[in-house]
Each structure stands twice: as C-alpha cells, then as structure tokens.
Amino acid sequence: MARKTAQEARVERWTWYAMVFVFVVVGFDRDLLLPSWIVPGVLGSILFFSALYQYSKIKLGWRAGMLNIITATVLILLAAYDFYIGSPADPVLVSFIATMAIIGYGIVTNEG
C-alpha cells in the first residue's frame, strides 16, 4: 500500500483533531446535559464526511479507509439506536474507544 500524500495526511489529521475536539466539548459539559446519542452521531458524521471527501479525491490517488467507513456506520447506528431505544452501553464510552481505535490504527500504520 502506498504512503499517503501530505495533503491526504493533513485531512486525516484534521479528522482526528475534530474527533478529539468533540471530547473536549463534552469535557466542559460536566453534568452531561447533552443527550448521549449526540456524541456518537457527531463522531460518526465527522468520520463519514471525511471518508466521502477522501473518496471524492480518488482520481488523485487518495484512499478512503474501510475502517473509517465501518466505524462511522457503527457510530451512526449506535446514535440512532440510543435515540430511539436507549443503549445499554454508554454511547460516549463506546465513541471514545472507537476514536482511540481510529487514531491508534492511523498512527501504527503511519497513515496520518
């Protein structure tokens, strides 16, 4: 697999920054007044739109990682499930684990 271009790596890093920023905002919400489905919904949307943007640049040789697309889908489905039914697991914790997995995978594979 070819190494990502500098522009593609920059988009990947900005995606990671946006995902971490969501947890910074949640950290300021001490009483967690936001509904619990907001966090996985926002994180899933960030990942999904990042993957769409990278996929739109496929003619330039950019790749949209399947792990990003799968994780985005799982997070969006978790948000919908929590909105309609209520999740037995903490959606914020699941979102945090997913975020760390995405960032960790990107660092280990040197894709960011």
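Computed from the coordinates by the stated procedures, all read-outs in this text should not be read as laboratory data. Predicted model only: the values in this text are computed from it and were never measured. Backbone-built Cβ (ideal geometry, glycine too); neighbour counts: all protein chains shown.
Residues in the range 13-47 that are touching a helix residue (DSSP H, G or I) at 6+ places or on another chain (Cβ under 6 Å) and closer than 17 Å to I69 by Cβ: T15, W16, A18, M19, P40, G41, V42, L43, G44, I46, L47. Remark: I107 falls outside the filter, which requires a residue to be surrounded by 12 or more Cβ atoms within 10 Å (Cβ to Cβ) and either part of a helix (DSSP H, G or I) or polar (S, T, N, Q) (or both). Summed over the range 58-86, the residues that are touching a Lys or Arg at 6+ places or on another chain (Cβ under 9 Å) and of a type in the set (D, E, K, R) give a count of 1. In the range 15-49, the qualifying residues are those that are in a helix (DSSP H, G or I) and without any contact (Cβ under 8 Å) to a residue 24 or more places away in the chain, and the one that is surrounded by the fewest Cβ atoms within 10 Å (Cβ to Cβ) is F28.
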